[in-house]
Amino acid sequence: RTNLYAQKPSRQPEILITELLHSMGVPPNFKGYTYLREAVLLACRNQRLVGGGLSKELYPRLAEKYDTTVGGVEAAIRNAINSAWNRGNREFLESLTNPLECDEERLPTNSLIIAKLVDRINLEVQH
């Protein structure tokens, strides 16, 4: 028999990304929350999607899945990040992205946020 309590559920990528998005302050009712969550999960499974594959592979997959456009996916993720940056937990976002990679005037890019979330989740899952 498998001991269900022996496995730490917080190590599951689906739970980790949800916790991270909540820590960032991304409103869960935004479309961008769903797209960002799914983008990170897909990129955790396929690292190639982070290294330049966002607009060519990742966004089109999400657009097809959610019956929208690539531009709609990109804009919704940008809106979710913008909301977290302006009304969420900016301190957490700055610690996630490294203060040298963004400043008070410049919002972190979609690709930077996705890459940093994927990196954080991969580190958590491995330990």
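Could you give every pair whose Cβ atoms fall below 6 Å, whose first residue belongs to the stretch 60-86 and is without any contact (Cβ under 8 Å) to a residue 24 or more places away in the chain, and whose second residue is open to solvent by 30 Å² or more (accessible area, probe 1.4 Å) and assigned to a loop (DSSP other than H, G, I, E, B), counting only separations of at least 6 or pairs across chains?
As it stands, the answer is A63/T69; W85/L107, since those pairs meet every condition given.
Specify which of the listed residues (G51, G88, G72) is within 15 Å of the chain's Cα centre (by Cα) and buried (at least 16 other Cβ atoms within 10 Å of the Cβ).
Only one candidate qualifies: G88.
Only residues that are modelled with pLDDT under 95 and in a loop (DSSP other than H, G, I, E, B): list them for the stretch 43-71, please.
Matches in the stretch 43-71: N46, V50, G51, G52, G53.
Counting just the residues of the stretch 1-27 that are assigned to a loop (DSSP other than H, G, I, E, B) and of a type in the set (D, E, K, R), which one comes out modelled with the highest pLDDT?
Checking each candidate, the answer is K8.
The values are calculated or read from the model by the stated rules, or taken from the named source; none is laboratory data. Just so you know, these numbers come straight off a predicted model, no measurement behind them. As a convention, Cβ positions derive from the backbone with ideal geometry for all residues, glycine included, and neighbour counts pool all protein chains shown. Side chains are part of the model used for accessible areas, which takes the heavy atoms of the whole protein and leaves out ligands, DNA and RNA. Shrake-Rupley method; radii C 1.70, N 1.55, O 1.52, S 1.80 Å.
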